[in-house]
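First comes the structure, then the notes that go with it.
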Amino acid sequence: MTSTPGKLLVYYVDPGKAAAMRRRLRAAGVMVEVDSVDPHNVQPSKSGTQRTGLWVTFEDQFDDAVQLLQNPDHVPRRVISPGEMDKAGSKRARSGSASTEIRSAKLAILLGTICLLAGVIYLAVF
């Protein structure tokens, strides 16, 4: 993932365990995502382990996610259907790509302006 979704629930050293917990929480109706980027551990640890974060997408589901970690029979207050999760995930992806396109356009305008200024200065000097 490129952007951190929501609120950190827990870190796992084993990405397989993180993926399994993601499947279990999503099956219970809590939207979570797995992200292998650990913002608190920019440099690799001496052991070489990379922690995998499990993130709750919607803050109002955080307490239910914590309960589900401890009790697989817990019933969340707000259950999100798989279809709603797909829609929310694709909406996040679209907004992420749109913001990337905007940043790229701004960068292109900035570079174009710098080139134009350099050309004007060159013509003025020579």
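Tell me, what HN-Hα J-couplings in whole Hz come from the Karplus equation 6.51 cos²θ - 1.76 cosθ + 1.60 at θ = phi - 60° for each residue of the stretch 72-79, using x for Gly and Pro?
So the J values, rounded to whole Hz, are x, 8, 4, 9, x, 5, 10, 9.
For the stretch 112-117, what does the Karplus curve 6.51 cos²θ - 1.76 cosθ + 1.60, with θ = phi - 60°, yield as ³J(HN,Hα) per residue in whole Hz, taken in order and with x for Gly and Pro?
x, 5, 5, 4, 4, 4
Convert each backbone phi in the stretch 15-26 into a coupling constant with the Karplus relation 6.51 cos²θ - 1.76 cosθ + 1.60 (shift: θ = phi - 60°), then list the ³J(HN,Hα) values in order as whole Hz, x for Gly and Pro.
x, x, 5, 5, 5, 5, 5, 4, 4, 5, 5, 5
Check V10: other-chain or 5+ apart residues with amide H under 5 Å from its amide H, H built from backbone geometry?
For V10, whose amide H was placed from the backbone, the distant partners under 5 Å are L54.
The numbers here are math on the coordinates, done by the rules we state, and not lab data. What you see is a predicted model, and the numbers here were worked out from it, not measured in a lab.
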